[in-house]
Amino acid sequence: MRSVHVRFDAMLTKLLQEHEASKKERQGRPDFIDKLMENRVTEDGQTITDVNIKALISDLFTAGTDTSAVTVEWAMAEMLRNPAILKRAQAEADAVVGRDRLLEESDLPKLAYLQAVCKGAASAPVHPSQPAALLLRGVRGGRLPHPQQQSPPRQHLGHREGPEGVGGPAGVRPRPLRRRRRGAKYDPHGNDFEFIPFGAGRRICSGKLTGMVFVQYMLGALVHSFDWRLPDGEEELDMEEKHGLTISKAVPLKVLLTPRLSAAAYI
Ligand code: HEM
């Protein structure tokens, strides 16, 4: 951890220095780091130090990258096992975006089926991406819960209908999550306890909206822009899990992609 810290700190120090040097280029369009640096000494005398800023950036890297990437990877794996879902998501993207341009973030609100698939992936019974929640709490509180105390919630988080989960073996099957329950849609904001990919309560993921957009945008772009298939000779997907801060695939997914849009769209 010490050696990683030294490397990470050097990278962040360089990032702050480069930001300071190129501030003028972003005049009128300050970004997140500019805003933090502007407030290094606030009006009420409180200070945000460089160390605070570096800690915040490193928090965002740690909390925001693996979680989103892992969710997309599981969603792709499940869609490869259920090609009908991939086809339907592609048909929706074609209807909304067409084949002559790339999918953009502004298209996402119109892609209801894709959104449901992403919810399905985040709640997939066999590989929820949220164990970080319980582990981090334990660490921050100075006490790691006994594994026995952790496992029941970890097993059942993201499950709507018991151990078989929302979609049985096809974890991303989105239909159940689109169904209305007690007049409300299942939402991932910590209100439906069967579905809390971002945690719930006061420590709920502070990047949940960004996280949802990351996942929908990454998956949507891949669904829309390419046809996917497993490499030759690989018929079965290895769905083994690797437990870490998130639950990732033990064997990274390998997919062959074929463009499906008009050539001009990729330029
Ligand atoms: C699909 C993507 C994501 C998932 C599944 C996810 C999940 C979670 C979970 C389960 C927690 C713990 C909540 C709790 O303790 O109850 C958490 C915390 C956190 N997440 Fe995310 N997250 C995602 C994306 C992001 C992104 C993109 C960012 C920032 C850019 C982010 C920033 C954070 C931060 C800063 C915390 C700590 C909040 C605190 O303890 O006050 N997350 N996330």
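The values are calculated or read from the model by the stated rules, or taken from the named source; none is laboratory data. Bear in mind that the values here come from a model prediction, so they are computed numbers and not experimental data. Backbone-built Cβ (ideal geometry, glycine too); neighbour counts: all protein chains shown. Each accessible area value is taken on the protein alone, full model and side chains, heavy atoms only, with ligands, DNA and RNA left out. Shrake-Rupley method; radii C 1.70, N 1.55, O 1.52, S 1.80 Å.
Here is a yes/no grid of residues against (1) open to solvent by less than 50 Å² (accessible area, probe 1.4 Å); (2) modelled with pLDDT of 90 or more:
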{"residue": "T67", "(1), (2)": "yes, no"}
{"residue": "W74", "(1), (2)": "yes, no"}
{"residue": "A93", "(1), (2)": "yes, yes"}
{"residue": "R101", "(1), (2)": "no, yes"}
{"residue": "L108", "(1), (2)": "yes, yes"}
{"residue": "G120", "(1), (2)": "yes, no"}
{"residue": "P128", "(1), (2)": "yes, no"}
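Please work out if E78 is closer than 30 Å to P197 by Cβ, within 16 Å of the ligand (Cβ to nearest atom) and either open to solvent by 50 Å² or more (accessible area, probe 1.4 Å) or at pLDDT below 90 (or both). Please lay out each step first, then the result.
Values: closer than 30 Å to P197 by Cβ: yes; within 16 Å of the ligand (Cβ to nearest atom): yes; either open to solvent by 50 Å² or more (accessible area, probe 1.4 Å) or at pLDDT below 90 (or both): yes.
Answer is yes for this residue.
Let me confirm something: among A55, A10, A63, which residue is of a type in the set (A, V, I, L, M), part of a helix (DSSP H, G or I) and at pLDDT below 90?
On the way: A55 fails: at pLDDT below 90; A10 fails: at pLDDT below 90.
The match here is A63.
Give region 214-225 a look and list any residue that's under 18 Å from W74 (Cβ atoms) and open to solvent by less than 50 Å² (accessible area, probe 1.4 Å), or say none. Don't jump to the end; show me each part of the working.
Filtering region 214-225 for residues under 18 Å from W74 (Cβ atoms) gives 214-223.
Listed by number, the residues that qualify are V215, Q216, L219, G220, A221, L222, V223.
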